[in-house]
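Let me begin by presenting the structure, written as structure tokens, before commenting on it.
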Amino acid sequence: MKKTALIFGVTGQDGSYLSKFLLNKGYVVHGVKRRSSSINTIRIDDIYQDPFLKKKNFILHYGDVTDGTAVFDIIKKTKPNEIYNLAAQSHVAVSFKIPEYTSNADALGSLRILDSIVKLNKKIKFYQAGSSEMFGKVQTFPQNEKTPFYPRSPYGVSKVYSHWITINYRESYKIFACNGILFNHESPLRGETFVTKKIVKGLCNIKNGTQKKLYLGNLYSKRDWGHAQDYVEAMWMILQYSKPEDWVISTGKQYSVKQFVNLVAKYLKLKITWRGNGINEKAFLNKRPIIEIKKEYFRPADVENLKGDASKAKKILKWKPLKDINYLIKDMVEYELNQIHNV
Ligand code: NAP
Ligand code: F7E
């Protein structure tokens, strides 16, 4: 019998990679997409199936995790073996602008799914997309499953609620509910306003002569960046383990935003030089400023220093990241250059 998975957040970066990964494993995949007046399925267009086909293994449903009735009905109708909750307002800076909506989707969304599982079928396995943003102002270095949380944004606080409600439902109702605590993971499919995609796209356009300047915020924030393809495999492995547990997934390598800029510029053979300090720091190309700092891109509180310790997942799940930062940059840049040349 084929296994059935249900993905909330199927139209996002991870939803797209996870769908393809599970289809390759022989799963029937159901995905939940939001109603939108403009197309929001670009990342899954390549696996879209005609709804009138008799035998389908990729099926989309309208829904929203802020709507408990829809969540319950979709789970009841699709009868999944595994649910992956990837649905979230996932932009940290935006969470300061729309904190109430972010909390509704990112905190209560997981509760709505968990509660439906308990009411419909306690055998359904559940994966919650937790985040290194929960570590926030980091209390230990590097961060692992035992590191205390200190979230620094409405997004981080909402994810901490989801983390604990997942554990509470696991302990209270004996369901197979797990938290992945994933550090930043990127890809060509990354949303355009996250810093890696913004840098790659901006520098490719500058190289192509179609953009003059790129504006950034905090250059000295450090992240542990992995590739989304490696990380969706970890999500699946977490649900195949014999017990429901919580897992840190990371590369264990750390780079600043400025280092990421330098690596992308190097790959593109753009010889940039940095001058100035703080808000006045700029990157120059042939004496022309191409990167400037804008205070609007700083957050009310930022997370400055993330580096994960995924020893538990490496040891027990035998998971390890296969794609390093150089592969990630090559993948993202080549995709972007292709987009430019195909216009
Ligand atoms: P993403 O590209 O922003 O995708 C988020 C997905 O959630 C999209 O499909 C989005 O739909 C959907 N969504 C948003 N609000 C929703 C709602 N109210 N109801 C139903 N669906 C909703 O994010 P991602 O990078 O793939 O990340 C996947 C998950 O992992 C998120 O929960 C994120 O917070 C978490 N996470 C991400 C990272 C990372 O570095 N990427 C690290 C740790 C944790 P639309 O397409 O319609 O907007
Ligand atoms: O910012 C700094 C910014 O928005 C990274 C989400 O997937 O990963 C992601 O959250 C850093 C921050 O990702 C700009 O201040 C500088 O320190 O790419 P980001 P994030 O906030 O780490 C975690 C794990 C998630 O769970 C989230 O869902 O880069 N930065 N200049 C900038 N950031 C942005 N976006 N734009 C700038 O211009």
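The values are calculated or read from the model by the stated rules, or taken from the named source; none is laboratory data. These numbers come from a predicted model, not from an experiment. Neighbour counts are summed over all protein chains in view; Cβ atoms, including those assigned to glycine, are modelled from backbone coordinates with ideal geometry. Calculation scope for accessible area: heavy atoms of the full protein, side chains included, ligands and nucleic acids excluded. Shrake-Rupley method; radii C 1.70, N 1.55, O 1.52, S 1.80 Å.
Kindly establish whether N168 is in the same structural domain as K77 (by TED's automatic domain parsing) and either over 20 Å from the mean Cα position of the chain (by Cα) or more than 9 Å from ligand 2 (Cβ to nearest atom) (or both). Reasoning before the result, please.
Values: in the same structural domain as K77 (by TED's automatic domain parsing): yes; either over 20 Å from the mean Cα position of the chain (by Cα) or more than 9 Å from ligand 2 (Cβ to nearest atom) (or both): yes.
When the stated conditions are applied, N168 passes them.
The set of residues in the range 259-286 that are of a type outside the set (K, R) and assigned to a strand (DSSP E or B) comprises I272, T273, W274, A283, F284, L285.
If a residue must be closer than 19 Å to S221 by Cβ, open to solvent by less than 30 Å² (accessible area, probe 1.4 Å) and of a type in the set (S, T, Y), how many such residues does the range 164-209 contain? Residues flagged as closer than 19 Å to S221 by Cβ, open to solvent by less than 30 Å² (accessible area, probe 1.4 Å) and of a type in the set (S, T, Y) within the range 164-209 amount to 1.
Being more than 28 Å from Y84 (Cα to Cα), hydrophobic (A, V, I, L, M, F, W, C) and either modelled with pLDDT of 95 or more or more than 18 Å from the chain's Cα centre (by Cα) (or both) is the requirement here; does V195 meet it?
Details: more than 28 Å from Y84 (Cα to Cα): no; hydrophobic (A, V, I, L, M, F, W, C): yes; either modelled with pLDDT of 95 or more or more than 18 Å from the chain's Cα centre (by Cα) (or both): yes.
No.
Between D14, D46, the distinction of being under 21 Å from the mean Cα position of the chain (by Cα) and open to solvent by 70 Å² or more (accessible area, probe 1.4 Å) belongs to D46 only.
Residues checked against (1) of a type in the set (A, V, I, L, M); (2) over 23 Å from L219 (Cβ atoms):
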residue: I291; (1), (2): yes, no
residue: K294; (1), (2): no, no
residue: Y297; (1), (2): no, no
residue: A310; (1), (2): yes, yes
residue: L317; (1), (2): yes, yes
residue: L322; (1), (2): yes, yes
residue: N326; (1), (2): no, no
residue: M332; (1), (2): yes, no
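Might you check whether a residue that is open to solvent by 50 Å² or more (accessible area, probe 1.4 Å), assigned by TED's automatic domain parsing to the domain that holds M237, among the acidic types (D, E) and in a loop (DSSP other than H, G, I, E, B) occurs anywhere in the range 140-147? Yes; the residues of the range 140-147 include at least one that is open to solvent by 50 Å² or more (accessible area, probe 1.4 Å), assigned by TED's automatic domain parsing to the domain that holds M237, among the acidic types (D, E) and in a loop (DSSP other than H, G, I, E, B). Checking each residue of the range 231-247 against the condition of being among the acidic types (D, E), touching a helix residue (DSSP H, G or I) at 6+ places or on another chain (Cβ under 7 Å) and within 12 Å of ligand 1 (Cβ to nearest atom) gives no match.
Would you please list the contacts, defined by Cβ atoms under 6 Å and residues six or more apart or on different chains, that run from a residue in the range 172-186 that is among the aromatic types (F, W, Y) and more than 9 Å from ligand 2 (Cβ to nearest atom) to a residue that is at pLDDT 95 or above and part of a strand (DSSP E or B)? Partner pairs satisfying both residue conditions: F176/K125.
Among the residues of the range 306-317, those that are touching a residue at least 12 places away in the same chain (Cβ under 8 Å) and more than 16 Å from ligand 1 (Cβ to nearest atom) comprise S311, K312, I316, L317.
Need at least 2 residues that are outside the structural domain of F183 (by TED's automatic domain parsing) and in contact with an Asp or Glu (Cβ under 8 Å, 6 or more places away or on another chain) per element, so show me which strands (runs of 3 or more DSSP E) inside the range 11-101 make the cut, counting only ones lying wholly within it. Please lay out each step first, then the result.
On the way: elements: 28-33, 58-62, 82-85.
Because the criterion is at least 2 residues that are outside the structural domain of F183 (by TED's automatic domain parsing) and in contact with an Asp or Glu (Cβ under 8 Å, 6 or more places away or on another chain), no strands (runs of 3 or more DSSP E) in the range 11-101 meet it.
Looking at Y255, Y241, Y327, just one residue is in contact (Cβ under 8 Å) with a residue 60 or more places away in the chain, open to solvent by 40 Å² or more (accessible area, probe 1.4 Å) and over 21 Å from the mean Cα position of the chain (by Cα), and that residue is Y241. Taking the criterion of being open to solvent by 40 Å² or more (accessible area, probe 1.4 Å) and within 23 Å of V157 (Cα to Cα), the residues of the range 114-137 that qualify are D115, K137.
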